[in-house]
Amino acid sequence: MKNQLRYGKLKYISFVLLNLLCLAGANMLAAWVYMNTHNTRRHRYSYADHWSIVVFMLVIDVFITIAFNTLNRVLMRRALKELVESIKHVALSFVLLALVLFTTKLGADYSRFTVYLAYIIDLILLVGTHIAWKELLRRLLKRGRTPTALLMTTDKFLDEGIDTLTKSGVDVRAIFLLKAGKGQSRDDIDEVQTEDEATACICWTPLDRVYIYGLDHQMIPEKLKHACEEMGVAIDFVDFEYRILELKTVANEDPKYGALSFLEGKRDIPFPIRRVYWITQTEADQHRGFHAHKQNCQLLFCPHGKIDIILDDGSNEKKTVTLDGPRKGLLLMPGLWREMVWRESGSVLCVLASEYYDEKEYIRNYDEFIAYRNRETLPRGDGMT
Ligand code: T46
């Protein structure tokens, strides 16, 4: 995250300055009100004291802002949270100032009324300007720029994801990579590795969108979703309908010992595995399937034999993927109509699924499927790739 702090500090400074402005303005107003309502005691009012208190208040404000970090995640705070944080901020600085005022001679000369009033006005200005400024700052940071994005993907689909987004005119500012071991990464784009880093990136970087590529929605961390919601950053899926995967295989030097293929949870499968099932003892030329899933993501493979998977996205064009060995996997996202044809008797079809079995999640009628495709904005790019 090379650039994250740069943006962060900039935004942070703008809020520190706002705080100071609010406090200075509040103090002026309070003094003005005081002078116009306490004419008889005007002679007791010392400008020198006034200014020393103003300076003191401002120093306290900077101290609170930095030391107690009251502006932490200020861009993420909603109105109510903003109010609570501002009350905390004002109360703290009031207590600090009160401690000094009431133990020095200043307390006698300078009206406490002015101090109370200054803090009340400060609180109102603080909440009002912060809320307005947050919105304005977000707009200013986004104005006239190429749309910027954080791309969440796995290292398997990284280059593909960046290419797809770049071609559509999106500037990929950062990547949140779910790494499969050593994995690839990119030197030219900042990389976040933890949920916290990704959340911070959303708060501090002027992003327009988070794009998810090749991952199921269940892989998006709650924290990230929440941050996007708070920051008004949309989450979009740039996805594919299916992918043919080469499954990791360890072949023995002596072929008579065979080969071992394997799949590893998050590393190879972009969804949480909730179910595993397999179809056996099917005779050649038998057809199964004829349905689509609304939510279920799957990884299909055929460790033994040969099976054709015919995929239909509701357009006229159908695609056939032949699973004919243990090294080949087919990653299927929801929303595709499929038909399986057994090309060899006894071929075995194994499936890893993201959902528990739920008949309501199936679409088994083709007309319904077409209506579903037309109705639903599927969370992915257009068509089968
Ligand atoms: C898919 C293709 C590749 C269960 O009770 N639990 C289960 O987990 C599954 C998968 C099925 N069933 C029942 C439902 C039916 O009464 O088993 C029966 C046969 O299922 P279905 O006709 O859906 O089988 P296929 O071969 O047409 O489809 C299966 C999967 O259902 C489907 O998700 O994508 O394999």
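The values are calculated or read from the model by the stated rules, or taken from the named source; none is laboratory data. What you see is a predicted model, and the numbers here were worked out from it, not measured in a lab. Neighbour counts run over all protein chains shown; Cβ positions are idealised from the backbone, glycine included.
Of the conditions (1) away from the ligand (no atom under 14 Å from the Cβ); (2) touching a Ser or Thr at 6+ places or on another chain (Cβ under 6 Å), D308 clears all except one; give me its number.
Result: D308 passes all but (1).
Just one of the numbered conditions (1) within 15 Å of the ligand (Cβ to nearest atom); (2) in a strand (DSSP E or B) is not true of V250; which one?
Just one mismatch for V250, condition (1).
Would it be correct to say that W342 is modelled with pLDDT of 95 or more and touching a helix residue (DSSP H, G or I) at 6+ places or on another chain (Cβ under 9 Å)?
No: the conditions fail for W342.
Which of the residues spanning the stretch 341-352 are near the ligand (Cβ under 10 Å from one of its atoms) and either crowded, with 21+ Cβ neighbours inside 10 Å or under 19 Å from A371 (Cα atoms) (or both)?
Across the stretch 341-352, the qualifying residue is only L349.
Looking at P303, P326 in this structure, which one is away from the ligand (no atom under 14 Å from the Cβ), in a strand (DSSP E or B) and farther than 19 Å from F240 by Cα? Explain how you work it out, then say what you get.
On the way: P326 fails: in a strand (DSSP E or B).
On inspection, the qualifying residue turns out to be P303.
Select the strands (runs of 3 or more DSSP E) contained entirely in the stretch 256-299, then report the ones holding at least 2 residues which are of a type outside the set (A, V, I, L, M, F, W, C) and either within 40 Å of the chain's Cα centre (by Cα) or closer than 19 Å to Q218 by Cα (or both).
By residue number, 275-279, 287-293.
Take L300 and decide whether it is at pLDDT 95 or above, closer than 30 Å to G258 by Cβ and aliphatic (A, V, I, L, M).
On the way: at pLDDT 95 or above: yes; closer than 30 Å to G258 by Cβ: yes; aliphatic (A, V, I, L, M): yes.
Yes; evaluated as a whole, the condition is true for this residue.
Tell me, yes or no, whether the stretch 54-74 has at least one residue that is on the phi > 0 side of the Ramachandran plot, assigned by TED's automatic domain parsing to the domain that holds I121 and modelled with pLDDT under 85.
For the stretch 54-74, residues on the phi > 0 side of the Ramachandran plot, assigned by TED's automatic domain parsing to the domain that holds I121 and modelled with pLDDT under 85: present.
Among residues belonging to the stretch 345-377 that are free of Cβ contacts under 8 Å to residues at least 60 places away in the same chain and assigned to a loop (DSSP other than H, G, I, E, B), point out the one that is farthest from the chain's Cα centre (by Cα).
N365
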